[in-house]
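Okay, structure first, notes after.
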Amino acid sequence: MAASSVIDIKGLSKIYGRGGNSLVALDKLTLQVQPGEIFGYLGPNGAGKTTTIRVLLDLIRPSSGSATIFGMDARQQSVEIHQRIGFLPGELSLWQGRSGMQVIHYVASVRGDIKRTVKQAEELAARLKLDTSKKVRDLSSGNKRKLGLVIAMMHSPDLLILDEPTNGLDPLVQQTFHELMHEFRDKGKTVFLSSHVLSEVQAICDRVGILRDGDLKAVQTVDALTNVEFRWVHVQFRGGVPADVAQGLRSLPAVSEFQAEGANARMRLQGDFDPLLRAIAAGYVEQLHVEEPTLEDIFLAYYSGEGESA
Amino acid sequence: MTGAVFIETFKQTWKQMVGWGIGLAALAMLVVVMVPLFDMQDMKSLLESFPPFILAMIGIGSDLEVFATNEGFVAMGFFGKSALIFAVYPVVMGMRITADEEDNGIMDVLLSLPVSRAQVLVEKFFAYCISIVGVVALIYLGVGIGASLGNVDLDVGRLTEVTFYLIPLMVFVMAATMLAAAVARRRMVALGVVTAFVVASFMLQTIGLAAEGTVAEPLGTVSFFTYYNAGNILQEGFIWPHIAGYLALSLVMLLASLYRYERRDVGL
């Protein structure tokens with residue numbers, strides 16, 4: 001239901017430049033993000049993820065279409081909206097000469113309720129093992145990112161908008177980040193997260209939108225996206241892949257991307273297993289391994305245009 | 001919260017304000033302590049021997065009488081000669097209002113907070129206005145310390161006017177820089193535009209002074225530097241129409257910056 005959506009984007013287009021040099025960054029994007037979900041926004045560089053986020057934050061203005069957050073217009077009521085959101089940009093820049101705690105105090109003073117906000121910032125910093133006494137210029141990129149997360153979350157926003165949030169974070173901190181996101185969602189709050197790290201999206205997101213060249217190709221639950229009809233099949237034969245078996249497998253309509261090397265054959269199977277089992281029965285099968293497609297496979301499928309019909 | 005950007009901007013700027021203020025105050029002090037080394041009548045004779053364009057380049061018009069005084073020497077040696085230097089500080093501060101933070105991406109973080117673009121511009125503008133007042137106050141202190149150290153007899157009232165007249169001039173330059181940044185978006189473009197504006201104004205003032213009594217004289221009237229003439233201020237005190245002109249134009253440029261900044265994409 002669009003009315004109850006936290007984020008509601010309708011026919012949003014953004015065109016940079018004019019005339020022959022214009023670039024369509026977003027093309028009639030329509031998308032809803034529901035309360036209490038972690039929404040992953042997937043796409044390669046230049047797909048339009050950051051442009052979408054910048055429109056939502058009223059940093060740039062759309063060429064056409066509209067975006068509302070909490071039912072309020074992203075442009076006309078940006079100050080009211082910003083009161084309720086936390087934002088982490090993809091390329092985070094902060095005041096170099098100020099310490100982490102001074103930055104926290106500044107942001108808290110703009111937001112108001114300084115005492116409570118700073119207290120929560122201290123708790124988050126402790127959890128992320130961030131030393132807030134250091135000046136921003138002395139922080140590593142990972143620690144800067146942690147500070148960005150603290151600033152985005154310290155006022156307990158209702159919506160987090162995160163652009164590539166785990167860039168530069170070490171695996172342990174990424175784990176803490178995942179926990180924070182789950183806790184955040186468990187409180188009924190919403191996360192809109194752009195990423196090209198598929199494993200991250202798979203681990204924490206409820207739904208995923210796949211963006212290509214400014215066009216939203218699909219919106220699915222992570223489960224539904226993973227549950228596509230193809231599998232990777234690995235077969236190990238005793239004494240090598242028999243030539244007639246290889247030929248038989250290649251001729252199967254359900255098999256594609258067949259590769260044979262020594263005793264091993266690898267192929268992509270779409271549909272039922274029976275034709276494949278019959279074809280390999282002519283050889284002596286030592287091992288059979290079926291691999292679920294990764295989100296990356298699905299991602300590539302969407303990018304090649306194949307997934308659009310899925 | 002209203003005022004938070006203003007306070008933080010001032011916190012981030014006060015060290016530069018003190019640094020610039022001390023530097024310019026030291027220069028002013030140096031000029032003041034040199035006053036007893038010169039005989040002012042000899043100075044007047046020397047100045048009379050200079051061709052008009054040389055006098056124009058050091059900010060002096062045809063009326064040399066006023067410069068044959070202690071205050072005139074300070075006005076000529078510091079306030080007249082340093083006009084371009086006084087323009088540098090407000091350009092640096094004007095670039096900080098939007099251009100610098102937009103260029104390095106900090107504006108994305110700031111504008112994601114519950115604060116409007118207009119509020120950011122206005123609070124920063126007034127914080128930097130305060131820093132200009134601070135720099136000018138330190139210059140005034142430098143003149144006073146120089147007079148005390150060199151035991152120089154100065155007309156305090158007139159030099160106070162010459163010194164504090166810098167405030168509207170510097171606010172005007174800062175407002176022009178802010179407008180250039182609000183319109184041009186790219187930091188380097190804005191810096192180029194405002195540098196060209198300041199240098200061209202300085203040249204027009206120089207041409208206007210050097211070409212007194214010729215058809216080229218009116219060229220000086222379009223230069224904003226023309227309305228900060230230390231010699232005239234020594235003779236006439238605060239020239240209120242000029243001060244009002246600086247402040248009115250600054251206000252117009254502030255409003256134009258708000259209009260433009262409110263309507264364009266940020267950080268691209």
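The values are calculated or read from the model by the stated rules, or taken from the named source; none is laboratory data. Given the structure is predicted, the values throughout are model-derived calculations rather than measurements. Every residue, glycine as well, gets a Cβ built from its backbone with ideal geometry; the counts of neighbours run over all protein chains shown. These area figures cover heavy atoms from the full protein model, side chains too; ligands, DNA and RNA do not enter into them. Shrake-Rupley method; radii C 1.70, N 1.55, O 1.52, S 1.80 Å.
Return yes when B:Val133 is surrounded by 20 or more Cβ atoms within 10 Å (Cβ to Cβ) and in a helix (DSSP H, G or I) and no when it is not.
No.
Restricted to region A:75-96, and to residues that are within 7 Å of chain B (Cβ to nearest Cβ) and assigned to a loop (DSSP other than H, G, I, E, B), which residue is farthest from A:Val136 (Cα to Cα)?
Only one residue fits best here, namely A:Pro89.
Does B:Thr221 fit the bill of being outside any helix (DSSP H, G or I) and either within 14 Å of chain A (Cβ to nearest Cβ) or without any contact (Cβ under 8 Å) to a residue 40 or more places away in the chain (or both)?
No.
Can you confirm whether region A:106-115 contains a residue that is within 23 Å of A:Gly168 (Cβ to Cβ) and touching a residue at least 24 places away in the same chain (Cβ under 8 Å)?
yes
Any idea which of B:Glu71, B:Glu65 is open to solvent by 20 Å² or more (accessible area, probe 1.4 Å), closer than 20 Å to B:Glu161 by Cβ and out of contact with any helix residue (DSSP H, G or I) (no Cβ under 7 Å at 6 or more places or on another chain)?
Result: B:Glu65 is the single residue among B:Glu71, B:Glu65 that is open to solvent by 20 Å² or more (accessible area, probe 1.4 Å), closer than 20 Å to B:Glu161 by Cβ and out of contact with any helix residue (DSSP H, G or I) (no Cβ under 7 Å at 6 or more places or on another chain).
For region A:175-232, name all the residues that are surrounded by fewer than 19 Cβ atoms within 10 Å (Cβ to Cβ) and either assigned to a loop (DSSP other than H, G, I, E, B) or on the phi > 0 side of the Ramachandran plot (or both).
Once the filter is applied, which keeps residues that are surrounded by fewer than 19 Cβ atoms within 10 Å (Cβ to Cβ) and either assigned to a loop (DSSP other than H, G, I, E, B) or on the phi > 0 side of the Ramachandran plot (or both), region A:175-232 yields A:Lys187, A:Gly188, A:His196, A:Val197, A:Asp206, A:Asp213, A:Asn227, A:Val228, A:Glu229.
Only residues in region B:15-31 that are surrounded by fewer than 16 Cβ atoms within 10 Å (Cβ to Cβ) count as the first member; pair them with residues that are not in a helix (DSSP H, G or I), Cβ under 9 angstrom, at least 6 apart or cross-chain, and list the lot.
Qualifying pairs under 9 Å: B:Lys15/A:Gly97.
In region A:128-159, which residues are over 23 Å from the mean Cα position of the chain (by Cα) and in a helix (DSSP H, G or I)?
Answer for region A:128-159, where residues must be over 23 Å from the mean Cα position of the chain (by Cα) and in a helix (DSSP H, G or I): A:Val136, A:Arg137, A:Asp138.
Which residues, counting only those in region B:92-120, are within 20 Å of the chain's Cα centre (by Cα) and crowded, with 21+ Cβ neighbours inside 10 Å?
B:Met93, B:Gly94, B:Met95, B:Arg96, B:Ile97, B:Thr98, B:Ala99
Looking at the structure I just gave you, is A:Gly65 under 30 Å from A:Leu23 (Cα atoms), more than 9 Å from chain B (Cβ to nearest Cβ) and surrounded by fewer than 24 Cβ atoms within 10 Å (Cβ to Cβ)?
For A:Gly65, the condition - under 30 Å from A:Leu23 (Cα atoms), more than 9 Å from chain B (Cβ to nearest Cβ) and surrounded by fewer than 24 Cβ atoms within 10 Å (Cβ to Cβ) - is met.
Which residue pairs have Cβ atoms closer than 6 Å, lie 6 or more positions apart in sequence or on different chains, and pair a first residue in region A:41-59 that is away from chain B (no Cβ under 14 Å) and in a helix (DSSP H, G or I) with a second residue that is hydroxyl-bearing (Ser, Thr, Tyr) and crowded, with 23+ Cβ neighbours inside 10 Å?
Filtered contacts from region A:41-59: A:Lys49/A:Tyr41; A:Lys49/A:Ser194.
Residues that are more than 14 Å from every other protein chain (Cβ to nearest Cβ) and in contact (Cβ under 8 Å) with a residue 12 or more places away in the chain: find the helices (runs of 4 or more DSSP H) completely inside region B:49-128 holding 3 or more of those.
Where helices (runs of 4 or more DSSP H) fall fully within region B:49-128 and carry at least 3 residues being more than 14 Å from every other protein chain (Cβ to nearest Cβ) and in contact (Cβ under 8 Å) with a residue 12 or more places away in the chain, they are B:52-57, B:70-74, B:83-97.
So in region A:97-118, with the set limited to residues that are open to solvent by less than 50 Å² (accessible area, probe 1.4 Å) and of a type in the set (S, T, N, Q), which one is nearest to the other protein chains (Cβ to nearest Cβ)?
A:Ser109
Check B:Ala175, B:Ala147 and return the single one that is assigned to a helix (DSSP H, G or I), in contact with a Leu (Cβ under 6 Å, 6 or more places away or on another chain), open to solvent by less than 40 Å² (accessible area, probe 1.4 Å) and within 25 Å of B:Leu234 (Cα to Cα).
So the residue among B:Ala175, B:Ala147 that is assigned to a helix (DSSP H, G or I), in contact with a Leu (Cβ under 6 Å, 6 or more places away or on another chain), open to solvent by less than 40 Å² (accessible area, probe 1.4 Å) and within 25 Å of B:Leu234 (Cα to Cα) is B:Ala147.
Of B:Tyr259, B:Tyr228, which residue is buried (at least 17 other Cβ atoms within 10 Å of the Cβ) and either within 26 Å of B:Phe126 (Cβ to Cβ) or more than 14 Å from chain A (Cβ to nearest Cβ) (or both)?
Answer to the check: B:Tyr228.
Out of (1) closer than 29 Å to B:Tyr140 by Cα; (2) open to solvent by less than 20 Å² (accessible area, probe 1.4 Å), what's the single condition that is false for B:Ala180?
(1) is the only condition that B:Ala180 fails.
Taking region B:194-211, which residues are surrounded by 17 or more Cβ atoms within 10 Å (Cβ to Cβ) and closer than 22 Å to B:Ala248 by Cα?
B:Val194, B:Phe197, B:Val198, B:Ser201, B:Phe202, B:Leu204, B:Gln205
Quick check on my filter: what residues within region B:32-43 are open to solvent by 40 Å² or more (accessible area, probe 1.4 Å), at pLDDT below 90 and part of a helix (DSSP H, G or I)?
Scanning region B:32-43 gives B:Pro36, B:Leu37, B:Gln41, B:Asp42.
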